[in-house]
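What follows is a single structure, written as structure tokens, with notes after it.
The values are calculated or read from the model by the stated rules, or taken from the named source; none is laboratory data. Quantities reported herein were computed from a predicted structural model and do not represent experimental measurements. Cβ atoms come from the backbone with ideal geometry, glycine included; neighbour counts cover every protein chain shown. Ligands, DNA and RNA are stripped out before the accessible areas are found, and what is left, the full protein with its side chains, is counted by its heavy atoms. Shrake-Rupley method; radii C 1.70, N 1.55, O 1.52, S 1.80 Å.
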Amino acid sequence: MKVKSERPDTHGWTKGMLSLLLLFPMFLLDAQIQPPTFTDCSDVEACSYGAKDDLIHVDLKTEVVNHCISNPGLYFTTQIDLFSDSTIDQTKSTLDASGEYPLGVHTITFWAADGCGGVSSCKRVVTVKDCKKPKPICNAVTIELMPSSGLAEIMAASLEVGNSFDNLTAYGDLKILVERLEKVAPGQNAPDADAAVSVVVTCDDLPPVTMNPVVEVAVWVGDEAGNWDYCVTTITVKDWLGACGCGPIPMLSCYITNEDLEPIELVTVECATPSNNNWTQITGNSGVISFMIFEAGVYTLTPEKDINLLNGVTTYDLILLQRHFLGIKPLTSPYKIIAADINNNCSLSIADLIELRRMILDPKNAAFKNNTSWRFVDANFIFPNPMKPCNFAETVSFNVISSIGFLGANFIGVKIGDISGDHTPNQLLEPESREVRGNLTFRVMDRLLESGQEYEIAISANDVADILGYQYTLEMDPGKVEFIDVTPRRAELDRSHFGLAMTSDGKLTTSWNGSGPTTLVEGAVLYTITLRALSSGWLSQALNLSSTVTPAEAYDQNEKLLDVQLHFDRGEINGGEFTLDQNKPNPFTNQTRIGFYLPEAGEATLTVYDVMGKVLYKSNASFEYGVNEFVLSRSELPEQGVLYYTVQYGGQVATKRMIVNQY
């Protein structure tokens, strides 16, 4: 349902109200009955991460409890007022206002009327707000202390390179603040009182008070919606003029970022000295380390990092690599090509794709055979052939011939396997958010399993066009089923697209991408899994789709992210609709079971009445999708004879009659 901003007339609502008025004589008969009760009238907030005119899907349903037993029908009307301007934009006859909403504040009013004259309303405010953080881009600076004061003030704007951006706010309207990095608390998502338009450095920021004359700062950038994010950069403090009573201290500094100039943490940098007394330091969140120089000679800096091998690596990277092979979207950056050269042979081939997929499917045993998790390139290195970046400089050397003040080297870090560039370079930066644009649903026919029997389970998909690829983890409850085998049933799918290493623990991973956009036809089987039932029960209680090993995600033809879901069909039982069964046994003396079927997981309420509509018993609980039941004991009912029971699920109500025997 797409909520449009056109202004239709409200004839539909008037007609709906008229139908309620026609019931008025009946209403007078049941004036004492409580009107319908809405179970949820809470307001809703939804986030937009795109452009100003993007529409955001909002799930907005509500439910009612019907207290009218003599005439259990319900009548619904929903009014949608976009932008809360007191103009009704759309009217519906259900309690479902889900749809695509624009940025802004919208008012949704639900109405419900029962057959006893009760009318209730529920107003819910939907706020669609911009939640995308700005993208700050930092600028490292070097500052000289003033000889008169031993101080220097650095404006926040000078620590931002001028290219920070936001999805909605113009650059000139962005707010820029700065504070020392040590003042930023873990998880802090907005500047506090320590942040200001400038920061001051002093003699206390020089050795011997500190080890390094480098001050790490956080540069905050905020948009008009109140979203903030920060980048980390450095201020190198110098005292060439002797403001602090000491001469310049010879230093050798190293600054390590990725291609997007984001600092990389946990890089071990080795400094080889002229006397072969090698030193090492590990970068923090700023990506900067420094070494003091004590003697003349050659110093060599070598950075290394070989941890978190799958940081930023998904099937999306396989898609980008395959599209490069096919010439659909060639990689144009030498750093992206280095990232794609998984086996480090200076050539991109299908072997790189196979090795990377193997790691995605089995993260526990992931390892690069001839590479490391990160490679570091001298930022000043010029590639002779940028499209074939071989034998690039991974160290920087300085020949120090006298007592100098400051030397520095910059490195560009490349996360191997992360062709898309969505890795997290340090703990202060959140992973690059990608807005989910839809769903890819896999389907399984639910069935009753009998302990000890083997079953071949077919996995199909909804009718979805132009899918580039997907990945997920299929979890199998090891206490209920045992995995035996997986069999591909589609031409472009083979066993290399499945990870079997963890199937003994009940986890089957899968990663697939086609040579181009592929249409998945509804009902066409993609693959089957063979299982042995270890206990009797429904298949839907033994299988689920998750991100526990390989994250669940898919990609459409525009490389947009899709959610991946697993849906169980049980159409041969009841067509997938809410149904209520006759209680068994009936009549009953001690205990009876009331069975019902839910098309989706949710809450259900059982209410038992006498023939006059008096409530004798009520129970509410959450249930899984599929066949469920309430168990009712005779001791819970104060009366006997003919009674009525109602089960309510969502906006649906079903009623049946039971007979309770005397003890």
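Using the structure shown, decide if PHE381 is without any contact (Cβ under 8 Å) to a residue 40 or more places away in the chain and either outside any loop (DSSP other than H, G, I, E, B) or closer than 23 Å to GLU304 by Cβ (or both). Spelling it out, PHE381 is indeed without any contact (Cβ under 8 Å) to a residue 40 or more places away in the chain and either outside any loop (DSSP other than H, G, I, E, B) or closer than 23 Å to GLU304 by Cβ (or both).
Only a single criterion out of (1) part of a loop (DSSP other than H, G, I, E, B); (2) open to solvent by 50 Å² or more (accessible area, probe 1.4 Å) is not satisfied by ALA190, namely (2).
All conditions but one from (1) open to solvent by less than 50 Å² (accessible area, probe 1.4 Å); (2) of a type in the set (S, T, N, Q); (3) under 26 Å from ASP362 (Cα atoms) apply to SER547; the one that does not is (1).
Condition (residue is part of a loop (DSSP other than H, G, I, E, B) and either in contact with a Gly (Cβ under 7 Å, 6 or more places away or on another chain) or farther than 24 Å from THR37 by Cα (or both)) applied to the stretch 601-616: is it met by at least one residue? Among the residues of the stretch 601-616, not one is part of a loop (DSSP other than H, G, I, E, B) and either in contact with a Gly (Cβ under 7 Å, 6 or more places away or on another chain) or farther than 24 Å from THR37 by Cα (or both), which makes the answer no. If you go through the stretch 159-180 and keep only what is open to solvent by less than 70 Å² (accessible area, probe 1.4 Å) and touching a Phe, Trp or Tyr at 6+ places or on another chain (Cβ under 9 Å), you end up with GLY162, SER164, ASN167, LEU174, ILE176, LEU177, VAL178, GLU179. Within the stretch 350-381, the set of residues being of a type in the set (S, T, N, Q) and open to solvent by 40 Å² or more (accessible area, probe 1.4 Å) comprises ASN365, ASN370, THR372, ASN380.
Only one of the listed residues (THR78, THR37) is at pLDDT 90 or above and under 32 Å from the mean Cα position of the chain (by Cα). That residue is THR78. In the stretch 507-520, is there at least one residue being open to solvent by 70 Å² or more (accessible area, probe 1.4 Å) and farther than 14 Å from PHE568 by Cβ? Looking for residues that are open to solvent by 70 Å² or more (accessible area, probe 1.4 Å) and farther than 14 Å from PHE568 by Cβ, one finds at least one in the stretch 507-520, hence yes. Within the stretch 206-218, residues that are within 12 Å of THR236 (Cβ to Cβ) and acidic (Asp, Glu) have Cβ atoms under 6 Å from residues that are at pLDDT 65 or above and assigned to a strand (DSSP E or B) in these pairs: GLU216/THR234, counting only partners at least 6 apart in sequence or on another chain. The set of residues from the stretch 37-93 being among the polar types (S, T, N, Q), closer than 22 Å to LEU606 by Cα and open to solvent by 60 Å² or more (accessible area, probe 1.4 Å) comprises THR39, SER70.
Every residue in the stretch 641-662 that is farther than 30 Å from THR94 by Cα and exposed (fewer than 15 other Cβ atoms within 10 Å of the Cβ), please. Within the stretch 641-662, GLY641, VAL642, ILE659, ASN661, GLN662 meet the criteria. Look at the stretch 313-332: where a residue is modelled with pLDDT under 90 and a partner is of a type in the set (Lys, Arg) and surrounded by fewer than 18 Cβ atoms within 10 Å (Cβ to Cβ), sitting 6+ places away or on another chain with Cβ atoms under 6 Å, you get ARG323/LYS329.
For LYS129, the test of being more than 30 Å from TYR649 (Cα to Cα) and modelled with pLDDT of 90 or more is passed. Annotation: of all residues in the stretch 590-601 being open to solvent by 20 Å² or more (accessible area, probe 1.4 Å) and touching a strand residue (DSSP E or B) at 6+ places or on another chain (Cβ under 8 Å), the one that is farthest from GLN640 (Cα to Cα) is ALA601. Among the residues of the stretch 482-489, at least one is free of Cβ contacts under 8 Å to residues at least 40 places away in the same chain, out of contact with any Cys (no Cβ under 8 Å at 6 or more places or on another chain) and not in a strand (DSSP E or B). Within the stretch 275-310, the residues that satisfy the criterion of being of a type outside the set (D, E, K, R), open to solvent by 40 Å² or more (accessible area, probe 1.4 Å) and not in a loop (DSSP other than H, G, I, E, B) are TRP279, THR280, GLN281, ILE282, MET292, VAL298. In this entry, ALA339 passes the filter for residues that are small (Gly, Ala, Ser), outside any strand (DSSP E or B), out of contact with any Cys (no Cβ under 6 Å at 6 or more places or on another chain) and within 22 Å of GLU553 (Cβ to Cβ). Summed over the stretch 436-472, residues that are assigned to a loop (DSSP other than H, G, I, E, B) and either of a type in the set (Lys, Arg) or closer than 12 Å to ASP569 by Cα (or both) total 3. Only one of the numbered conditions (1) open to solvent by less than 40 Å² (accessible area, probe 1.4 Å); (2) touching a helix residue (DSSP H, G or I) at 6+ places or on another chain (Cβ under 9 Å); (3) in contact (Cβ under 8 Å) with a residue 60 or more places away in the chain is violated by CYS131, and that is (2).
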